[in-house]
1. Can you work out which of the residues in region 115-136 that are under 14 Å from TRP181 (Cβ atoms) and in contact with a strand residue (DSSP E or B) (Cβ under 7 Å, 6 or more places away or on another chain) is surrounded by the fewest Cβ atoms within 10 Å (Cβ to Cβ)?
2. Does LYS145 qualify as being outside any helix (DSSP H, G or I), modelled with pLDDT of 90 or more and exposed (fewer than 15 other Cβ atoms within 10 Å of the Cβ)?
3. Surrounded by 10 or more Cβ atoms within 10 Å (Cβ to Cβ), modelled with pLDDT under 95 and small (Gly, Ala, Ser), is that true of SER48?
4. Six or more apart or on different chains, Cβ atoms under 8 Å: show the pairs whose first residue is in region 92-103 and outside the structural domain of LYS171 (by TED's automatic domain parsing) and in a helix (DSSP H, G or I) and whose second is surrounded by 13 or more Cβ atoms within 10 Å (Cβ to Cβ) and modelled with pLDDT of 95 or more.
Amino acid sequence: MTLHSGTFSTSRPPFWRRQQFWRFTLPIVALGAAALAGVLVYNAFYGSNGLPNAKNGWGVTYTVPKDPATVKLDASVKPMVLRFIRTAVARKNLNVAYDMAGPEIRQGMTRKQFSAGAIAVVPFEINSKTKITLTVINSYATSAKIQAFLVTPGSADNKNSPHTFYADLIKSGGRWYVNTWVPRWTPPIPTQPGR
């Protein structure tokens with residue numbers, strides 16, 4: 001019997017080739033991967049704030065503001081809106097309309113610039129026969145929305161009458177102002193296809 005005369009090393013193999021290393025490392029790696037997967041799954045279902053995403057918009061943590069309490073519209077508002085319609089909308093006596101116009105209608109204009117007539121108010125032909133119906137859409141402590149239905153019989157421009165407008169009102173410094181005046185427009189529905 002002959003012994004092999006080759007080189008024989010007495011040093012140990014590298015640690016990743018040792019059986020004891022894998023017996024200890026594999027369970028730790030498996031536990032870490034399971035913990036990471038659990039955190040990812042929890043975050044996907046409940047988000048960062050602990051609430052289900054379906055109820056709170058994918059983890060967004062802001063509170064939903066409550067609707068302000070509605071109040072009865074101040075009795076002085078409707079006469080003010082009527083005065084605004086008969087001045088600013090009719091383009092008559094704009095100097096008076098300036099005092100009722102809010103910041104979105106004034107747009108930083110001076111009284112002189114406002115009185116020139118190039119204002120952010122859709123005009124409408126108003127005369128002594130014009131019928132104006134005001135309906136309160138909503139009313140809060142510092143804001144309100146009113147629908148104005150205007151009919152001018154015998155109007156020179158029949159396309160302009162009747163028409164519905166919306167006025168957004170704001171209260172500032174104890175006074176009410178008309179902040180926006182916009183028409184409600186519905187596109188015409190074609191009666192014949194292709195026309």
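The values are calculated or read from the model by the stated rules, or taken from the named source; none is laboratory data. Being a predicted model, the structure only gives us computed values, none of them experimental. We place every Cβ from the backbone using ideal geometry, glycine too, and count neighbours over all the protein chains shown.
1. Only one residue fits best here, namely VAL122.
2. Against the criterion (outside any helix (DSSP H, G or I), modelled with pLDDT of 90 or more and exposed (fewer than 15 other Cβ atoms within 10 Å of the Cβ)), LYS145 does not qualify.
3. Yes: the conditions hold for SER48.
4. none
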